[in-house]
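The structure appears below as structure tokens.
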Amino acid sequence: MMKLYSAPLSLFARKVEIALAEKGLVEGRDYAREMVPFTQERGYQPKHPTVLEVNPKGQVPVLIDGDLRLYDSTLILEYLDDKFPSPPLLPPISKSGGAEARARARQQELYADEILFPMMRKLGYRTGPLPADPTERAALEKTGQEAEAAIAREFAALDAQLAGRDFLWGDISLADIGLFMTMLYIRRMHGPQLDAFPSLAGWWQRLMARPGFARAADEIAAADRAMTPALAQYAAMRGK
């Protein structure tokens, strides 16, 4: 049985969990999941010994499948797609233009991780107490406002891409999984709302109707209630 090392608030590990669900793989039957301890105060310290042994960076996700020991969410997603080809999480290579479509899907998953994710991280100060010093606080808020404006511009482009489509590239793909998780974190940090982006909002609702996506969102919300009270306090302060 495969074993996945995940964590309550790990964006990247949750991508793998969603992929497992999309493949019809069931926790306890097809794989075991171990949640690595995490707190807002200490992070992942002390780091889990198995995670540290497999991944030089000491980060989840880590997937163990027999003698195979993998880290990095994108690599794990592609491994799962190779090992469990139905339903696929990349456009089929045999289809006309399949190679190009697969490259676009992979690139958009990379976009979620490497372009949109750094914008989202500029909202990360909202997960902890705001500084008492007014100057420091104003600087953080300015950074947050600039990040929200940049994210809104990305949302507009994504909204245009999704017009008339159910998913980003044909059927659901790893691009949808990656973008969903980054957007989930933008939303939990009270970033731009989706009201002005109807196609993007429709895509979001379609994914939230799928069990793997809904489970990830629900479990992260529960973890925030237990470990991240600052997010609720920030929402109250902004009147959200």
Compactness relative to 2.2 N^0.38 Å, alpha carbon Rg of segment 134-240: 1.17
Please list, in order, the residues from segment 81-103 whose amide nitrogen is less than 18 Å from a point placed 7 Å along the Cα→Cβ vector of Asp166. 86-92
Kirkwood hydrodynamic radius of segment 78-216 from all distinct Cα pairs, in Å? 16.3 Å
Could you tell me the calculated FRET efficiency between Ser86 and Glu136, based on Cβ-Cβ distance and R0 = 45 angstrom, to the nearest 0.05? 0.30
Checking segment 62-101 for trypsin sites (Lys or Arg not before Pro) in a loop per DSSP with at most 12 other beta-carbon atoms within 10 Å yields Lys95
Give me a comma-separated list of calculated 3J(HN,Hα) values for segment 70-83, in order, Karplus coefficients 6.51, -1.76, 1.60 applied at θ = phi - 60°, integers in Hz, x for any Gly or Pro. 10, 9, 5, 4, 5, 4, 5, 4, 5, 4, 4, 5, 6, 6
Rolling a 1.4 angstrom probe over the protein heavy atoms, how many square angstrom per residue are accessible across the chain? 49 Å²
Could you work out the Rg to Rh ratio of the chain, with Rh taken as the Kirkwood radius (inverse of the mean 1/r over all Cα pairs)? 0.97
Roll a 1.4 angstrom probe over the protein heavy atoms and tell me the percent of accessible area of the chain that is carbon or sulfur. 55 percent
re segment 1-115: pairs of Cα atoms spaced beyond 24 Å account for a percent value of 30 percent
Return the percentage of antiparallel bridges among DSSP beta bridges fully within segment 1-133, rounded to the nearest 5 %. 55 percent
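The values are calculated or read from the model by the stated rules, or taken from the named source; none is laboratory data. Keep in mind the model is a prediction, meaning the values are calculated, not measured. When we count neighbours, we look across all protein chains shown, and the Cβ atoms used for this are built from the backbone with ideal geometry, even at glycine. Heads up: the accessible areas ignore ligands, DNA and RNA and are worked out on the full protein's heavy atoms, side chains in. Shrake-Rupley method; radii C 1.70, N 1.55, O 1.52, S 1.80 Å.
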